[in-house]
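Reviewing the structure listed below.
The values are calculated or read from the model by the stated rules, or taken from the named source; none is laboratory data. The model shown is predicted, which means the values in this text are computed figures rather than measured ones. All Cβ positions, glycine included, derive from the backbone under ideal geometry; neighbour counts span all protein chains shown. For the accessible areas, the whole protein counts, side chains as well, though only heavy atoms, and no ligand, DNA or RNA atoms are used. Shrake-Rupley method; radii C 1.70, N 1.55, O 1.52, S 1.80 Å.
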Amino acid sequence: MSVLPAQEALVQLMITSCVADRSMTHVEMRTIETLVDQLPVFAGFDESRLPDIAEEVGHFLERTEGLDELLAVLKSSLPTKLYETAYALAVEVVAADVVAVQEELRFLEMLRDALDLDPLVTAAIERSARVRYRRL
């Protein structure tokens with residue numbers, strides 16, 4: 001199992017969240033770009049790597065057990081203190097389209113399980129995203 005730099009692992013996670021429903025919308029990609037540009041966890045990250053990382057994720061997910069393997073690599077690449085951050089980033093990308101489809105919700109469930117996150121923490125993260133993306 002390979003280990004990635006933490007920033008790259010977080011970007012891979014966001015891209016995986018983006019394509020969980022088998023599509024990559026402009027809104028989701030813009031959200032990823034904005035998060036990478038503005039959040040302190042991505043300080044010093046080379047944003048020009050985004051297309052290459054997206055391609056790597058695509059190749060990974062083409063494999064039969066690709067998603068399970070990717071989640072294992074991401075978990076091993078992140079320090080424990082970033083597990084909640086990782087989940088929050090995934091939720092942010094899923095919420096960007098305002099409506100989460102079943103595949104995206106299933107991916108978030110798999111991520112929660114893989115990272116062994118506290119259900120109250122994940123509920124709070126999800127609720128926070130819901131209120132931020134609520135429409136009139």
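Restricting Glu47, Glu28, Glu33, Glu56 to residues that are open to solvent by less than 50 Å² (accessible area, probe 1.4 Å), touching a residue at least 12 places away in the same chain (Cβ under 8 Å) and charged (D, E, K, R) narrows the list to Glu28.
For segment 70-101, a residue qualifies if it is open to solvent by 70 Å² or more (accessible area, probe 1.4 Å) and modelled with pLDDT of 90 or more, and the qualifying residues are Lys75, Thr80, Lys81, Glu84.
Results for (1) in contact with a Pro (Cβ under 9 Å, 6 or more places away or on another chain); (2) hydrophobic (A, V, I, L, M, F, W, C); (3) part of a helix (DSSP H, G or I); (4) within 22 Å of Ser128 (Cα to Cα), shown as yes or no for each residue.
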residue: Ser17; (1), (2), (3), (4): no, no, yes, yes
residue: Asp21; (1), (2), (3), (4): no, no, no, yes
residue: Glu33; (1), (2), (3), (4): no, no, yes, yes
residue: Leu82; (1), (2), (3), (4): no, yes, yes, yes
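When Glu109 is tested against the conditions (1) part of a helix (DSSP H, G or I); (2) open to solvent by 80 Å² or more (accessible area, probe 1.4 Å); (3) modelled with pLDDT of 90 or more, the lone failure is (2).
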